[in-house]
């Protein structure tokens, strides 16, 4: 089943075609903490721009690309991120996936998923009515 998923789908990682093309035409340059693998084109001719791409380890979600690799993918700098990363700060946290559209998504009071009941007005609100 996993083999068929690799042949026919793209949303849970790369397809067989992408993996073969990456192995043939790409040079693996690094892997991030989430297991995503980063590539660049092997043979770049004069006047041609280097291609850079990522193969996700799991779901294809662009929010899973760390900031340092995002800058490299988009050509903000040429050096690999590991070569010039600052030390981590104590206030930095680990990656949290985007929960929008899942059961873990934020739902404020009054949301339909939380019963649709919101707190009663506290009396500090005065509704506007047009002058008749």
Next item on the list: Take the alpha-carbon centre of region 28-55, take the same for region 57-132, and report the distance between them in whole Å.
Entry: 28
Checklist line | Residue exposure sequence - 27, 68 - by fewest surrounding Cβ within 10 Å | finding: 27, 68
Next item on the list: Quick one: angle between helix 16-25 and the longest Cα principal axis of the chain, in degrees between 0 and 90, rounded to 10, please.
Entry: 50
Notebook entry, point to check: For region 2-89, rounded, prolate or oblate, judged on the Cα gyration tensor with a ≥ b ≥ c (square roots of eigenvalues), a/c < 1.5 rounded, else prolate if a/b > b/c?
Noted result: oblate
Next item on the list: Could you line up 125, 56 from fewest to most neighbouring Cβ atoms inside 10 Å?
Entry: 125, 56
Item checked: Residue-averaged [θ]222 nm for the chain, counting only DSSP H segments that reach four residues, each worth -39500 (n - 2.57) -> -5000 deg cm²/dmol
Checklist line | Computed over region 2-89: relative contact order in percent, which uses C-alpha pairs under 8 Å that are six or more apart | finding: 22
Next item on the list: Order by neighbour count: 29, 54, fewest other Cβ atoms within 10 Å first, most last.
Entry: 29, 54
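Rule-based calculations on the coordinates, nothing more; no lab input. Not measured: the values here are computed from a predicted model. Glycine gets a Cβ as well: all are built from the backbone with ideal geometry, and neighbour counts include every protein chain shown.
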